[in-house]
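What follows is a short report on a single structure.
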Amino acid sequence: MTDNARANARNRGKVWEREVAKDLGTKRTGPTGMDDADIIHDTLAVECKAYGRIAFRAADWQQAKDNAKGKVPILAIKPKGAKRDAIVIMSYDYFVALHTDREEQNGS
């Protein structure tokens, strides 16, 4: 990978972090995020990855879990230039809890 390609990849990642932060009504951690999640949030530890195409990498999920620090690890992945195709990876237990909480709120 050339220096230019690395810079483009870093910039793509920063743009994705900003989009996710905006959608969650918060900010990205920015340059302080080395040992922290990419997004500032009270309960979620969101790690953002923007690749040329959607690719699940176990190391990315491990990084999200390592950076969670008592929060719920979330991995937000999107392919280059296509926000609508973005996916979120979360633990199954959290997924079930979201569904259960919603049913309880709706009185189901």
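Of the residues Ala59, Ala7, Ala21, which is in a helix (DSSP H, G or I), without any contact (Cβ under 8 Å) to a residue 12 or more places away in the chain and surrounded by 10 or more Cβ atoms within 10 Å (Cβ to Cβ)?
On the way: Ala59 fails: surrounded by 10 or more Cβ atoms within 10 Å (Cβ to Cβ); Ala21 fails: without any contact (Cβ under 8 Å) to a residue 12 or more places away in the chain.
None of the others qualify; the one that does is Ala7.
For segment 43-56, the set of residues classified as under 21 Å from Gly25 (Cα atoms) and exposed (fewer than 13 other Cβ atoms within 10 Å of the Cβ) consists of Thr43 only.
Taking the criterion of being out of contact with any strand residue (DSSP E or B) (no Cβ under 9 Å at 6 or more places or on another chain), free of Cβ contacts under 8 Å to residues at least 60 places away in the same chain, in a loop (DSSP other than H, G, I, E, B) and aliphatic (A, V, I, L, M), would at least one residue in segment 64-84 satisfy it? Within segment 64-84, one or more residues are out of contact with any strand residue (DSSP E or B) (no Cβ under 9 Å at 6 or more places or on another chain), free of Cβ contacts under 8 Å to residues at least 60 places away in the same chain, in a loop (DSSP other than H, G, I, E, B) and aliphatic (A, V, I, L, M).
I'm trying to understand the selection: among the residues of segment 62-84, which are under 17 Å from Lys22 (Cα atoms) and crowded, with 18+ Cβ neighbours inside 10 Å? Once the filter is applied, which keeps residues that are under 17 Å from Lys22 (Cα atoms) and crowded, with 18+ Cβ neighbours inside 10 Å, segment 62-84 yields Ile74, Leu75, Ala76, Ile77, Lys78.
Scanning segment 46-69 for residues that are closer than 22 Å to Lys80 by Cα and of a type in the set (A, V, I, L, M) returns Val46, Ala50, Ile54, Ala55, Ala58, Ala59, Ala64. Scanning segment 85-108 for residues that are exposed (fewer than 13 other Cβ atoms within 10 Å of the Cβ), at pLDDT 90 or above, in a helix (DSSP H, G or I) and not hydroxyl-bearing (Ser, Thr, Tyr) returns Asp93, Phe95, Val96.
Considering only residues in segment 24-56 that are part of a loop (DSSP other than H, G, I, E, B) and β-branched (Val, Ile, Thr), the one that is nearest to Ile74 (Cα to Cα) turns out to be Thr43.
The values are calculated or read from the model by the stated rules, or taken from the named source; none is laboratory data. Please read all numbers here as calculations on a predicted model, not as lab measurements. Note: ideal-geometry Cβ built from the backbone for every residue, glycine included; neighbour counts use all protein chains shown.
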